[in-house]
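Worksheet: the structure to be examined is printed underneath.
Where a number appears in this text, it was derived from the coordinates with a stated rule and is not lab data. Fair warning: this is a prediction, and the values are worked out from it, not measured in the lab. Cβ placement follows ideal geometry from the backbone for every residue including glycine, while neighbour counts extend to all protein chains displayed.
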Amino acid sequence: MEKDNILVIEEKIAYLELANSQLEDEVYRQKLQIDALTASLKTVKAFMEVLDDRVPNEKLSVLDSPPHY
């Protein structure tokens with residue numbers, strides 16, 4: 001009876017260790033993905049700043065009509 005209880009506990013521990021390992025792997029993959037997305041976002045922001053510097057500073061209002069009206 002006692003051996004059965006020990007086997008059940010060992011089995012549960014083995015499953016928990018497996019689940020923990022899988023969770024660590026997933027967290028690591030997500031960290032890599034977040035790092036890649038962060039780098040991409042920085043690149044896009046830098047690109048937008050370059051474009052913003054090239055565009056004239058005149059801000060068009062949403063209420064301005066196109067010139068042909």
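Modelled label-to-label distance, Arg54 and Leu41, 7 Å Cα→beta-carbon offset: nm?
Label-label distance for Arg54 and Leu41, simple model: 2.5 nm.
With θ set to phi - 60°, apply the Karplus curve 6.51 cos²θ - 1.76 cosθ + 1.60 along the range 14-30 and write out the HN-Hα couplings as whole Hz, x wherever there is a Gly or Pro.
So the Karplus estimates, Gly and Pro as x, are 4, 5, 5, 5, 5, 4, 5, 4, 5, 5, 4, 4, 5, 4, 5, 4, 5 Hz.
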